[in-house]
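Everything below concerns the one structure shown next.
Read the figures in this text as sums done on the coordinates, not as results from a lab. Remember, it's a predicted structure, so these values are computed and weren't measured experimentally. Counting neighbours? That spans all protein chains shown, and the Cβs are built from the backbone with ideal geometry, glycine included.
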Amino acid sequence: MTVPSGTAAPQHRQSDPEDVLKQVGGTWHWALGFALATLIPGILVLVWPDETLHILAVIIGLQLLVAGVFRFVAAFSHSSDGGSRLAAVLVSMLAFLAGVLVLRHPMQTIGALSLILGVFWLLTGVLTAYTAIADRTLFHRGLLFGLGVLAAVAGIVVLCFPVDSAVALTRLLGLWLVLLGVFEVVMAFALRSATRRSRP
């Protein structure tokens, strides 16, 4: 079949992977999924505070790996100005690394688990706060900055106030995960409102 002159043949351009990740990671649904991936493990940890350190490590390790996936995709919703996307990707890599370290040795000591999570939360909190300051295109910069500060405080608390029992560590980690999860839920709905207001 010939194409009439002056008529362009239809072209099926494949979607660029970066564009796909940017579209998915910038939605409030994705932000809400990340919030639930933080909130639900926190609730599970608080509901069963008497579980063994092994179970705690598995839950926390899986949460970190899932968080790494969500953060990696969400990183592409940031602009490249000011290195905000690089900072967001670093946060996702830190989540993967921390998750692997926790799951690789699930019978590790309380001190080792506290150290890994404390350093992770502190570093990711600083990087998240930096992203909020550097990326002026974000709808929810104030909330993101607050989340970064909250994560950094969580890391400082875990590092500076070591616990000597699995039950105490479970309650502390569960509490912080719930607080972070609730904050992220608020951010997700704030993003939904901002997105709706920006539509013509």
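Of note:
- Order by protection proxy (mean Cβ within 10 Å, highest first), peptides 118-128, 28-38: 118-128, 28-38
- Computed from phi, the 3J(HN,Hα) profile of segment 86-95 under the Karplus parametrisation 6.51, -1.76, 1.60 (θ = phi - 60°) reads 4, 4, 5, 5, 4, 4, 5, 5, 5, 5 Hz, with x in place of Gly and Pro.
- Cleavage-rule hits (chymotrypsin sites (Phe, Trp or Tyr not before Pro)) in segment 124-155: DSSP loop, at most 13 neighbouring Cβ within 10 angstrom: none
- Karplus (6.51, -1.76, 1.60) ³J(HN,Hα), θ = phi - 60°, over segment 124-130, in Hz, Gly and Pro reported as x: 5, x, 5, 5, 5, 4, 4
- Gyration tensor (alpha-carbon) shape descriptor, segment 138-200, a/c threshold 1.5: oblate
- Within segment 92-200: Cβ-based charge dipole about Cα centre, in debye rounded to nearest 20 (Lys, Arg +1; Asp, Glu -1): 540
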